[in-house]
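Right, one structure below, let's go through it.
The values are calculated or read from the model by the stated rules, or taken from the named source; none is laboratory data. Nothing here was measured: the structure is a model prediction, and the numbers come from that model. Reconstructed Cβ throughout: ideal geometry from the backbone, glycine too, with neighbour counts over all protein chains shown. Just so you know, the surface numbers come from the protein's heavy atoms only, side chains and all, with ligands and any DNA or RNA stripped out. Shrake-Rupley method; radii C 1.70, N 1.55, O 1.52, S 1.80 Å.
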Amino acid sequence: MTTALTPDELATSDVDPFSHPVLADPLPMHAALRDAGPVVYLSRYGVYAMARYRDVHAALINWQDFQSAAGVGLSNFRYEKPWRPPSLLLEADPPQHDAPRRVLSKILGPRALHRLRDGWFAEAETLVEQVLSEAGTEFDAVAALAEAFPLRVFPDAVGISPHGREHLLPYGNHAFNAFGPDNDLVAKGAATVAENSAYVGRQCARDALTPDGFGARIWAASDRGEITPEQAPLVVRSLLTAGVDTTVHGLSAVLYAFATHPEQWQRLRAEPHLVRVAFDEAVRWESPVQTFFRTATTELTVGAGTQHPVTIPEGKKILMFLAAANRDPRRWADPDSFDLARDPSGHVGFGMGLHQCVGQHIARLESEALLTALARRVSTLELAGPVQREHNNTLRAWRSIPLRARTD
Ligand code: OW7
(Lines give C-alpha, C1' and ligand atoms only; values in the text may rest on other atoms or scores of the structure.)
Protein backbone atom coordinates (compact mmCIF):
# COMPACT_ATOMS: atom_id res chain seq x y z
CA MET A 1 0.00 0.00 0.00
CA THR A 2 1.36 3.41 -0.92
CA THR A 3 -0.01 6.81 0.04
CA ALA A 4 0.25 9.88 -2.10
CA LEU A 5 2.62 12.56 -0.88
CA THR A 6 1.09 15.90 0.07
CA PRO A 7 3.02 19.21 -0.35
CA ASP A 8 4.69 19.03 3.07
CA GLU A 9 6.03 15.53 2.31
CA LEU A 10 7.07 15.75 -1.33
CA ALA A 11 10.38 16.97 -2.65
CA THR A 12 10.49 20.72 -2.10
CA SER A 13 12.86 23.35 -3.42
CA ASP A 14 13.13 27.02 -2.51
CA VAL A 15 14.99 27.80 -5.75
CA ASP A 16 13.78 30.80 -7.76
CA PRO A 17 13.97 29.74 -11.43
CA PHE A 18 13.37 33.37 -12.45
CA SER A 19 16.23 34.89 -10.43
CA HIS A 20 19.29 36.34 -12.13
CA PRO A 21 21.83 33.79 -10.83
CA VAL A 22 19.67 30.92 -12.15
CA LEU A 23 18.95 32.67 -15.47
CA ALA A 24 22.71 33.17 -15.90
CA ASP A 25 23.27 29.40 -15.66
CA PRO A 26 20.12 27.30 -15.28
CA LEU A 27 21.72 23.88 -15.89
CA PRO A 28 22.64 23.04 -12.26
CA MET A 29 19.08 23.86 -11.14
CA HIS A 30 17.67 21.68 -13.94
CA ALA A 31 19.79 18.74 -12.78
CA ALA A 32 18.80 19.27 -9.14
CA LEU A 33 15.08 19.41 -9.99
CA ARG A 34 15.30 16.27 -12.17
CA ASP A 35 17.09 14.40 -9.38
CA ALA A 36 14.72 15.58 -6.65
CA GLY A 37 11.83 13.55 -8.07
CA PRO A 38 9.19 13.38 -10.79
CA VAL A 39 7.37 16.33 -9.19
CA VAL A 40 8.93 19.01 -7.02
CA TYR A 41 7.13 21.68 -5.00
CA LEU A 42 8.57 25.17 -5.56
CA SER A 43 7.88 26.75 -2.18
CA ARG A 44 8.72 30.28 -3.29
CA TYR A 45 5.79 30.39 -5.70
CA GLY A 46 3.47 27.68 -4.31
CA VAL A 47 3.60 25.78 -7.59
CA TYR A 48 4.70 22.32 -8.69
CA ALA A 49 7.39 21.58 -11.24
CA MET A 50 8.41 18.74 -13.55
CA ALA A 51 11.88 18.46 -15.03
CA ARG A 52 12.25 14.83 -16.17
CA TYR A 53 11.65 14.08 -19.84
CA ARG A 54 9.16 11.30 -19.19
CA ASP A 55 6.94 13.36 -16.90
CA VAL A 56 7.14 16.59 -18.91
CA HIS A 57 6.28 14.70 -22.09
CA ALA A 58 3.38 12.85 -20.44
CA ALA A 59 1.96 16.09 -19.03
CA LEU A 60 2.27 17.97 -22.33
CA ILE A 61 0.26 15.37 -24.23
CA ASN A 62 -2.38 15.25 -21.48
CA TRP A 63 -4.29 18.48 -22.11
CA GLN A 64 -7.32 17.14 -20.26
CA ASP A 65 -5.54 17.03 -16.87
CA PHE A 66 -3.00 19.79 -17.55
CA GLN A 67 -4.96 22.67 -18.98
CA SER A 68 -3.74 25.80 -20.74
CA ALA A 69 -6.86 27.98 -20.50
CA ALA A 70 -5.99 29.16 -16.95
CA GLY A 71 -2.84 30.66 -18.49
CA VAL A 72 0.55 29.12 -19.28
CA GLY A 73 2.33 31.65 -17.08
CA LEU A 74 2.51 31.78 -13.28
CA SER A 75 -0.55 34.01 -13.09
CA ASN A 76 -3.78 32.01 -12.79
CA PHE A 77 -6.52 33.48 -15.01
CA ARG A 78 -9.13 32.05 -12.60
CA TYR A 79 -8.08 34.67 -10.06
CA GLU A 80 -6.03 37.30 -11.88
CA LYS A 81 -6.77 39.43 -14.91
CA PRO A 82 -4.35 38.70 -17.78
CA TRP A 83 -2.14 41.59 -18.98
CA ARG A 84 -3.69 41.26 -22.47
CA PRO A 85 -6.69 39.33 -23.83
CA PRO A 86 -5.60 35.66 -23.73
CA SER A 87 -4.19 34.00 -26.83
CA LEU A 88 -6.81 31.91 -28.66
CA LEU A 89 -4.17 29.22 -29.25
CA LEU A 90 -1.66 29.17 -26.42
CA GLU A 91 -4.06 29.97 -23.60
CA ALA A 92 -7.00 27.82 -24.72
CA ASP A 93 -8.02 24.16 -24.64
CA PRO A 94 -10.25 22.10 -26.90
CA PRO A 95 -12.81 22.74 -28.19
CA GLN A 96 -12.15 26.54 -28.32
CA HIS A 97 -8.52 25.96 -29.26
CA ASP A 98 -9.26 23.78 -32.30
CA ALA A 99 -10.58 26.13 -35.00
CA PRO A 100 -7.82 28.76 -34.63
CA ARG A 101 -5.24 25.98 -34.49
CA ARG A 102 -6.58 24.33 -37.64
CA VAL A 103 -6.48 27.63 -39.52
CA LEU A 104 -2.90 28.44 -38.50
CA SER A 105 -1.63 24.88 -39.05
CA LYS A 106 -2.70 25.08 -42.66
CA ILE A 107 -1.33 28.59 -43.27
CA LEU A 108 2.01 27.71 -41.65
CA GLY A 109 2.22 24.10 -42.81
CA PRO A 110 5.09 22.64 -44.88
CA ARG A 111 3.09 22.74 -48.11
CA ALA A 112 2.08 26.40 -47.72
CA LEU A 113 5.63 27.39 -46.79
CA HIS A 114 7.09 25.83 -49.90
CA ARG A 115 6.25 28.97 -51.90
CA LEU A 116 8.52 31.01 -49.60
CA ARG A 117 11.51 28.71 -49.77
CA ASP A 118 13.46 30.02 -52.78
CA GLY A 119 12.94 33.65 -51.79
CA TRP A 120 14.11 33.04 -48.22
CA PHE A 121 17.21 31.15 -49.39
CA ALA A 122 18.04 34.09 -51.69
CA GLU A 123 17.46 36.59 -48.84
CA ALA A 124 19.80 34.58 -46.61
CA GLU A 125 22.53 34.62 -49.27
CA THR A 126 22.13 38.37 -49.71
CA LEU A 127 22.30 38.97 -45.95
CA VAL A 128 25.39 36.79 -45.50
CA GLU A 129 27.15 38.55 -48.40
CA GLN A 130 26.20 41.93 -46.96
CA VAL A 131 27.48 41.09 -43.47
CA LEU A 132 30.76 39.65 -44.77
CA SER A 133 31.41 42.59 -47.09
CA GLU A 134 30.29 45.38 -44.74
CA ALA A 135 31.20 44.06 -41.29
CA GLY A 136 34.08 41.83 -42.42
CA THR A 137 35.01 38.63 -40.62
CA GLU A 138 34.07 39.81 -37.11
CA PHE A 139 30.52 40.74 -36.15
CA ASP A 140 27.84 40.25 -33.52
CA ALA A 141 25.92 37.17 -34.67
CA VAL A 142 22.82 38.22 -32.70
CA ALA A 143 22.34 41.62 -34.33
CA ALA A 144 23.88 40.85 -37.73
CA LEU A 145 22.27 37.44 -38.38
CA ALA A 146 19.93 36.07 -35.70
CA GLU A 147 17.87 39.28 -35.48
CA ALA A 148 18.48 40.56 -38.99
CA PHE A 149 17.33 37.46 -40.85
CA PRO A 150 13.92 36.87 -39.20
CA LEU A 151 13.21 40.61 -39.35
CA ARG A 152 14.04 40.53 -43.04
CA VAL A 153 11.66 37.70 -43.96
CA PHE A 154 9.01 37.11 -41.29
CA PRO A 155 7.17 40.46 -40.96
CA ASP A 156 6.93 40.62 -44.77
CA ALA A 157 5.54 37.09 -44.84
CA VAL A 158 2.89 38.07 -42.26
CA GLY A 159 2.21 41.15 -44.37
CA ILE A 160 2.64 44.03 -41.92
CA SER A 161 3.76 47.56 -42.76
CA PRO A 162 7.48 48.38 -42.90
CA HIS A 163 6.90 51.13 -40.33
CA GLY A 164 7.20 50.52 -36.60
CA ARG A 165 8.79 47.08 -36.76
CA GLU A 166 11.21 48.09 -34.03
CA HIS A 167 8.31 47.37 -31.61
CA LEU A 168 8.21 43.66 -32.49
CA LEU A 169 11.19 42.38 -30.48
CA PRO A 170 10.40 44.43 -27.32
CA TYR A 171 6.77 43.27 -27.47
CA GLY A 172 7.73 39.59 -27.71
CA ASN A 173 10.40 39.98 -25.07
CA HIS A 174 7.85 41.41 -22.65
CA ALA A 175 5.25 38.77 -23.50
CA PHE A 176 7.72 36.01 -22.64
CA ASN A 177 8.75 37.80 -19.44
CA ALA A 178 5.07 38.10 -18.51
CA PHE A 179 4.75 34.28 -18.20
CA GLY A 180 6.99 34.48 -15.13
CA PRO A 181 6.48 36.21 -11.78
CA ASP A 182 5.98 39.95 -11.54
CA ASN A 183 9.72 40.56 -11.06
CA ASP A 184 12.25 43.17 -12.21
CA LEU A 185 12.24 41.74 -15.76
CA VAL A 186 8.50 42.43 -16.07
CA ALA A 187 8.91 45.87 -14.47
CA LYS A 188 11.59 46.73 -17.06
CA GLY A 189 9.08 46.20 -19.91
CA ALA A 190 6.19 48.00 -18.18
CA ALA A 191 7.20 51.47 -19.40
CA THR A 192 6.78 50.58 -23.09
CA VAL A 193 4.17 47.80 -22.97
CA ALA A 194 1.20 50.06 -23.80
CA GLU A 195 2.94 51.53 -26.84
CA ASN A 196 4.20 48.14 -28.07
CA SER A 197 0.81 46.47 -27.53
CA ALA A 198 -0.99 49.27 -29.35
CA TYR A 199 1.41 48.90 -32.28
CA VAL A 200 0.89 45.11 -32.45
CA GLY A 201 -2.87 45.54 -32.13
CA ARG A 202 -2.94 47.94 -35.10
CA GLN A 203 -1.03 45.48 -37.32
CA CYS A 204 -3.68 42.80 -36.77
CA ALA A 205 -6.49 44.73 -38.50
CA ARG A 206 -7.52 43.48 -41.92
CA ASP A 207 -6.76 46.77 -43.69
CA ALA A 208 -3.27 46.95 -42.15
CA LEU A 209 -2.20 43.71 -43.85
CA THR A 210 -0.89 43.13 -47.38
CA PRO A 211 -3.19 41.00 -49.57
CA ASP A 212 -1.06 37.85 -49.84
CA GLY A 213 0.55 37.29 -46.43
CA PHE A 214 -0.21 34.99 -43.49
CA GLY A 215 -2.30 37.78 -41.95
CA ALA A 216 -4.54 38.10 -45.02
CA ARG A 217 -4.92 34.31 -45.10
CA ILE A 218 -6.11 34.35 -41.49
CA TRP A 219 -8.73 36.97 -42.41
CA ALA A 220 -9.70 34.92 -45.50
CA ALA A 221 -10.30 31.93 -43.20
CA SER A 222 -12.75 34.11 -41.24
CA ASP A 223 -14.55 34.93 -44.53
CA ARG A 224 -14.97 31.18 -45.07
CA GLY A 225 -16.41 30.83 -41.56
CA GLU A 226 -13.50 28.72 -40.27
CA ILE A 227 -12.96 31.23 -37.45
CA THR A 228 -15.02 34.30 -36.52
CA PRO A 229 -14.06 37.85 -37.58
CA GLU A 230 -13.56 38.59 -33.86
CA GLN A 231 -10.97 35.80 -33.66
CA ALA A 232 -8.97 36.81 -36.74
CA PRO A 233 -7.00 39.73 -35.24
CA LEU A 234 -6.05 37.67 -32.19
CA VAL A 235 -4.75 34.87 -34.40
CA VAL A 236 -2.62 37.42 -36.29
CA ARG A 237 -1.43 38.64 -32.88
CA SER A 238 -0.21 35.12 -32.06
CA LEU A 239 2.10 35.22 -35.09
CA LEU A 240 3.52 38.58 -34.07
CA THR A 241 3.97 37.51 -30.44
CA ALA A 242 5.38 34.04 -30.85
CA GLY A 243 7.12 34.33 -34.21
CA VAL A 244 9.95 36.80 -33.75
CA ASP A 245 11.92 36.50 -30.48
CA THR A 246 11.66 32.71 -30.53
CA THR A 247 13.33 32.40 -33.93
CA VAL A 248 15.91 35.09 -33.07
CA HIS A 249 17.04 33.10 -30.02
CA GLY A 250 16.74 29.78 -31.84
CA LEU A 251 19.05 31.06 -34.59
CA SER A 252 21.38 32.53 -31.95
CA ALA A 253 21.46 29.11 -30.28
CA VAL A 254 22.47 27.26 -33.43
CA LEU A 255 25.11 29.88 -34.31
CA TYR A 256 26.54 29.72 -30.78
CA ALA A 257 26.52 25.92 -30.94
CA PHE A 258 28.58 25.90 -34.14
CA ALA A 259 30.93 28.64 -32.94
CA THR A 260 31.76 26.50 -29.92
CA HIS A 261 31.84 23.14 -31.79
CA PRO A 262 34.16 23.69 -34.78
CA GLU A 263 34.20 19.97 -35.70
CA GLN A 264 30.40 20.07 -36.04
CA TRP A 265 30.69 23.06 -38.40
CA GLN A 266 33.11 21.10 -40.59
CA ARG A 267 30.69 18.19 -40.60
CA LEU A 268 27.83 20.49 -41.67
CA ARG A 269 29.94 21.92 -44.48
CA ALA A 270 30.76 18.42 -45.72
CA GLU A 271 27.15 17.23 -45.40
CA PRO A 272 24.83 20.22 -46.06
CA HIS A 273 21.67 18.13 -45.63
CA LEU A 274 22.47 18.20 -41.89
CA VAL A 275 21.15 21.81 -41.67
CA ARG A 276 17.75 20.46 -40.66
CA VAL A 277 18.94 18.18 -37.88
CA ALA A 278 21.33 20.95 -36.75
CA PHE A 279 18.48 23.28 -35.88
CA ASP A 280 16.47 20.69 -33.96
CA GLU A 281 19.60 19.58 -32.12
CA ALA A 282 20.26 23.24 -31.19
CA VAL A 283 16.65 23.63 -30.03
CA ARG A 284 17.06 20.49 -27.88
CA TRP A 285 20.47 21.61 -26.56
CA GLU A 286 19.52 25.20 -25.76
CA SER A 287 15.70 25.17 -25.46
CA PRO A 288 15.03 28.79 -26.51
CA VAL A 289 11.65 28.46 -24.75
CA GLN A 290 12.71 27.12 -21.35
CA THR A 291 9.41 26.66 -19.53
CA PHE A 292 5.65 26.88 -19.69
CA PHE A 293 3.07 26.31 -16.96
CA ARG A 294 0.00 24.14 -17.05
CA THR A 295 -2.86 24.06 -14.49
CA ALA A 296 -4.30 20.91 -12.87
CA THR A 297 -7.95 20.59 -13.97
CA THR A 298 -8.71 18.06 -11.20
CA GLU A 299 -6.75 16.58 -8.32
CA LEU A 300 -3.96 14.70 -10.09
CA THR A 301 -1.82 11.79 -8.99
CA VAL A 302 1.53 11.73 -10.74
CA GLY A 303 3.47 8.49 -10.58
CA ALA A 304 0.51 6.30 -9.66
CA GLY A 305 1.80 2.78 -9.13
CA THR A 306 5.26 4.00 -8.13
CA GLN A 307 6.54 3.99 -4.57
CA HIS A 308 5.88 7.70 -4.07
CA PRO A 309 2.92 8.97 -6.04
CA VAL A 310 2.40 12.71 -5.71
CA THR A 311 -0.93 14.47 -5.39
CA ILE A 312 -1.35 17.84 -7.10
CA PRO A 313 -4.48 19.64 -5.92
CA GLU A 314 -6.99 20.92 -8.47
CA GLY A 315 -6.23 24.44 -9.74
CA LYS A 316 -2.50 24.35 -8.95
CA LYS A 317 0.06 25.50 -11.49
CA ILE A 318 2.74 23.08 -12.69
CA LEU A 319 5.92 24.45 -14.27
CA MET A 320 7.11 22.31 -17.19
CA PHE A 321 10.87 22.52 -17.60
CA LEU A 322 11.22 21.87 -21.34
CA ALA A 323 14.92 22.70 -21.08
CA ALA A 324 15.55 20.20 -18.27
CA ALA A 325 13.62 17.47 -20.14
CA ASN A 326 15.70 18.14 -23.25
CA ARG A 327 18.90 17.33 -21.32
CA ASP A 328 17.56 14.56 -19.12
CA PRO A 329 20.20 11.79 -19.03
CA ARG A 330 17.33 9.33 -18.43
CA ARG A 331 16.28 10.04 -22.04
CA TRP A 332 19.36 11.33 -23.90
CA ALA A 333 22.84 9.84 -24.20
CA ASP A 334 25.49 12.45 -23.42
CA PRO A 335 22.72 15.11 -23.16
CA ASP A 336 25.02 18.13 -22.84
CA SER A 337 26.83 17.53 -26.11
CA PHE A 338 25.71 19.30 -29.30
CA ASP A 339 26.05 16.51 -31.83
CA LEU A 340 24.80 16.31 -35.42
CA ALA A 341 25.10 12.52 -35.23
CA ARG A 342 22.26 12.44 -32.71
CA ASP A 343 18.58 12.01 -33.58
CA PRO A 344 17.02 14.90 -31.61
CA SER A 345 13.45 14.04 -32.61
CA GLY A 346 11.18 13.77 -29.62
CA HIS A 347 12.74 16.82 -27.97
CA VAL A 348 10.17 19.02 -26.24
CA GLY A 349 11.74 22.36 -27.24
CA PHE A 350 8.70 23.01 -29.44
CA GLY A 351 6.42 21.51 -26.81
CA MET A 352 4.49 18.31 -27.53
CA GLY A 353 0.87 17.37 -28.10
CA LEU A 354 -1.84 19.58 -29.48
CA HIS A 355 -0.14 22.87 -28.54
CA GLN A 356 3.17 21.90 -30.15
CA CYS A 357 4.65 24.94 -31.89
CA VAL A 358 2.50 25.70 -34.92
CA GLY A 359 5.33 27.84 -36.36
CA GLN A 360 8.03 25.16 -36.19
CA HIS A 361 8.17 24.74 -39.98
CA ILE A 362 8.82 28.47 -40.37
CA ALA A 363 11.52 28.36 -37.73
CA ARG A 364 13.19 25.40 -39.47
CA LEU A 365 12.95 27.09 -42.86
CA GLU A 366 14.59 30.25 -41.51
CA SER A 367 17.45 28.30 -40.00
CA GLU A 368 17.85 26.08 -43.04
CA ALA A 369 18.15 29.14 -45.29
CA LEU A 370 20.58 30.99 -43.02
CA LEU A 371 22.82 27.99 -42.24
CA THR A 372 22.95 26.96 -45.89
CA ALA A 373 24.06 30.44 -46.95
CA LEU A 374 26.66 30.58 -44.17
CA ALA A 375 28.00 27.08 -44.78
CA ARG A 376 28.61 27.95 -48.44
CA ARG A 377 30.70 31.02 -47.59
CA VAL A 378 32.22 30.47 -44.16
CA SER A 379 35.00 27.92 -43.66
CA THR A 380 35.54 28.38 -39.93
CA LEU A 381 33.44 29.94 -37.18
CA GLU A 382 34.65 30.87 -33.72
CA LEU A 383 33.81 33.15 -30.84
CA ALA A 384 35.63 36.47 -31.14
CA GLY A 385 34.95 37.66 -27.57
CA PRO A 386 32.79 37.08 -24.51
CA VAL A 387 29.11 36.30 -25.16
CA GLN A 388 26.32 38.12 -23.32
CA ARG A 389 22.97 36.67 -22.28
CA GLU A 390 19.70 38.60 -22.12
CA HIS A 391 17.79 37.40 -19.05
CA ASN A 392 14.14 36.59 -19.69
CA ASN A 393 11.58 34.74 -17.52
CA THR A 394 10.84 32.25 -20.32
CA LEU A 395 13.43 32.55 -23.07
CA ARG A 396 17.05 31.41 -23.03
CA ALA A 397 18.03 34.58 -24.80
CA TRP A 398 21.16 36.28 -26.09
CA ARG A 399 22.26 39.90 -26.20
CA SER A 400 25.52 39.39 -28.04
CA ILE A 401 27.59 36.61 -29.65
CA PRO A 402 30.81 38.07 -31.10
CA LEU A 403 31.77 35.81 -34.03
CA ARG A 404 34.81 35.45 -36.25
CA ALA A 405 33.90 33.93 -39.63
CA ARG A 406 36.73 33.01 -42.01
CA THR A 407 35.88 32.70 -45.67
CA ASP A 408 39.15 31.15 -47.00
C1 OW7 B 1 0.31 33.42 -28.74
C2 OW7 B 1 4.89 35.27 -25.72
C3 OW7 B 1 3.94 34.46 -26.34
C4 OW7 B 1 3.59 32.56 -27.37
C5 OW7 B 1 3.87 31.29 -27.77
C6 OW7 B 1 2.94 30.69 -28.54
C7 OW7 B 1 1.77 31.39 -28.87
C8 OW7 B 1 1.54 32.66 -28.44
C9 OW7 B 1 2.46 33.24 -27.69
O10 OW7 B 1 4.41 33.20 -26.65
O11 OW7 B 1 -0.58 32.80 -29.25
O12 OW7 B 1 0.24 34.61 -28.46
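Could you tell me the convex hull volume per residue, in Å³, taken over the Cα atoms of region 204-339? Could you put the intermediate results ahead of the total?
Working: hull volume 26.1 nm³, N = 136.
Per residue, the Cα convex hull of region 204-339 comes to 192 Å³.
Would you work out the charge dipole size for region 207-247 about its Cα centre, treating the Cβ of every Lys and Arg as +1 and the Cβ of every Asp and Glu as -1, and quote it to the nearest 20 debye? Kindly include the intermediate steps, with their values, before the conclusion.
On the way: 3 positive and 6 negative charges, 15 e Å.
Approximately 60 debye in magnitude.
Filter the GluC sites (Glu not before Pro) in region 56-162 down to the DSSP loop ones having no more than 14 other Cβ atoms within 10 Å, then list what survives.
Working: sites: Glu80, Glu91, Glu123, Glu125, Glu129, Glu134, Glu138, Glu147; in loops: Glu80, Glu91.
Answer in residue order: Glu80.
Per residue, how many Å² of accessible area does the chain show with a 1.4 Å probe? Write out the running numbers ahead of the final one.
On the way: 16780 Å² over 408 residues.
With all protein chains present, the chain gives 41 Å² per residue.
Bin all alpha-carbon pair distances of region 331-372 at 10 Å intervals from 0 and give each bin's fraction as a whole percent.
All Cα pairs considered, the percentages come to 23, 44, 33, 0.
Of the GluC sites (Glu not before Pro) in region 303-382, which ones lie in a loop per DSSP and count no more than 16 other C-beta atoms within 10 Å?
On the way: sites: Glu314, Glu366, Glu368, Glu382; in loops: Glu314.
Those that pass, being in a loop and sparsely packed, are Glu314.
Give the separation of the Cα centroids, region 280-328 to region 334-377, in Å.
One Cα centre to the other: 21 Å.
Report the Stokes-Einstein translational diffusion coefficient (µm² s⁻¹, integer) for region 78-152, Rh taken as the Kirkwood radius over Cα pairs, at 37 °C with viscosity 0.692 mPa s. Could you put the intermediate results ahead of the total?
Details: Rh = 15.9 Å.
Estimated via Stokes-Einstein, D reaches 206 µm²/s.
Can you pull the Kirkwood radius for region 241-307, inverse mean 1/r over Cα pairs, to one decimal in Å?
Working: mean 1/r = 0.0682 Å⁻¹.
Kirkwood hydrodynamic radius for region 241-307: 14.7 Å.
Once every Cα of region 1-88 carries one equal point scatterer and solvent is ignored, give the base-10 log of I(q)/I(0) from the Debye formula at q = 0.17, 0.21 Å⁻¹, two decimals.
-0.91, -1.23
Pick out, from Met29, Val236, Leu371, the residue whose Cα sits farthest towards the positive end of the charge dipole of the chain, with +1 on the Cβ of Lys and Arg and -1 on the Cβ of Asp and Glu.
Val236
Which order, highest average first, do 102-113, 208-219 follow once you tally other Cβ atoms within 10 Å for each residue and take the mean per peptide?
Working: 102-113: 16.1, 208-219: 19.6.
In descending order of packing, they fall as 208-219, 102-113.
Can you give the percent of C-alpha pairs in region 1-149 whose distance is more than 23 Å? Working shown, then result.
Details: 6931 of 11026 pairs.
Percentage above 23 Å: 63.
Hey, got the dipole for the chain? About the Cα centre, +1 on K and R Cβ, -1 on D and E Cβ, debye to the nearest 20? Intermediate values should be presented prior to the final figure.
Details: 40 positive and 48 negative charges, 133 e Å.
Once rounded to the nearest 20, the dipole reads 640 debye.
Quick one: Karplus J couplings for region 80-96, per residue in order, coefficients 6.51, -1.76, 1.60, θ = phi - 60°, nearest Hz, x for Gly and Pro?
For region 80-96, the Karplus curve yields 10, 6, x, 6, 8, x, x, 5, 6, 9, 5, 10, 9, 10, x, x, 4 Hz.
With +1 on each Lys and Arg Cβ and -1 on each Asp and Glu Cβ, how big is the dipole of region 277-366 about its Cα centre, in debye rounded to the nearest 20? Please list the in-between numbers first.
Numbers: 9 positive and 11 negative charges, 59 e Å.
Computed charge dipole of region 277-366: roughly 280 debye.
Compute the Rg/Rh shape ratio of region 116-228: radius of gyration over Kirkwood radius, all on alpha-carbon atoms.
Working: Rg = 17.1 Å, Rh = 16.4 Å.
We get a ratio of 1.05 for region 116-228.
Hull surface divided by four, with the convex hull built on the Cα atoms of region 283-359: how many nm²? Intermediate values should be presented prior to the final figure.
On the way: hull surface 25.8 nm².
So the mean shadow area of the Cα hull is 6.5 nm².
Please work out how much length the chain gains when fully extended from Ala333 to Arg377, using 0.36 nm per residue of separation minus the C-alpha to C-alpha distance, in nm with one decimal. Please report the intermediate quantities before stating the final value.
Working: separation 44, 0.36 × 44 = 15.84 nm, distance 3.25 nm.
Result for the pair: 12.6 nm of gain on full extension.
If each Cα of region 287-408 is one equal point scatterer, what is log10 of I(q)/I(0) from the Debye formula at q = 0.17, 0.20 Å⁻¹?
One equal scatterer on each Cα of region 287-408 leads to -1.19, -1.46.
Taking a temperature of 4 °C and a viscosity of 1.567 mPa s, what whole-number D in µm²/s does Stokes-Einstein yield for region 174-252 with Rh from Kirkwood over alpha carbon pairs?
On the way: Rh = 14.0 Å.
Stokes-Einstein gives a translational diffusion coefficient of 92 µm²/s.
So for the chain, Kirkwood radius off the Cα pairs, Stokes-Einstein at 10 °C and 1.306 mPa s: how many µm² s⁻¹?
Values: Rh = 21.9 Å.
This corresponds to a translational diffusion coefficient of 72 µm²/s.
Once phi is turned into ³J(HN,Hα) by the Karplus curve 6.51 cos²θ - 1.76 cosθ + 1.60 with θ = phi - 60°, what whole-Hz value does each residue of region 333-340 show in order, with x for glycine and proline?
6, 6, x, 7, 8, 8, 9, 5
Give the Kirkwood hydrodynamic radius (Å, one decimal) of region 150-203, defined as one over the mean of 1/r across all pairs of different Cα atoms. Please list the in-between numbers first.
Working: mean 1/r = 0.0842 Å⁻¹.
Final number for the Kirkwood radius of region 150-203 is 11.9 Å.
Taking 41 Å as R0, compute the FRET efficiency from the Cβ-Cβ separation of Arg224 and Phe77 and round it to 0.05. Write out the running numbers ahead of the final one.
On the way: r = 30 Å, r/R0 = 0.73.
E between Arg224 and Phe77, to the nearest 0.05, is 0.85.
Once R0 is set to 22 Å, what does the formula 1/(1 + (r/R0)^6) return for the Cβ-Cβ distance between Val22 and Ser400, expressed as a FRET efficiency to the nearest 0.05?
0.60
Using 27 Å as the Cα-Cα cut-off, could you pick out the over-long pairs in Lys81/Lys188; Lys106/Lys317; Lys106/Lys316; Lys106/Lys188?
On the way: Lys81/Lys188 20 Å; Lys106/Lys317 31 Å; Lys106/Lys316 34 Å; Lys106/Lys188 36 Å.
In this structure, Lys106/Lys317; Lys106/Lys316; Lys106/Lys188 lie more than 27 Å apart at Cα.
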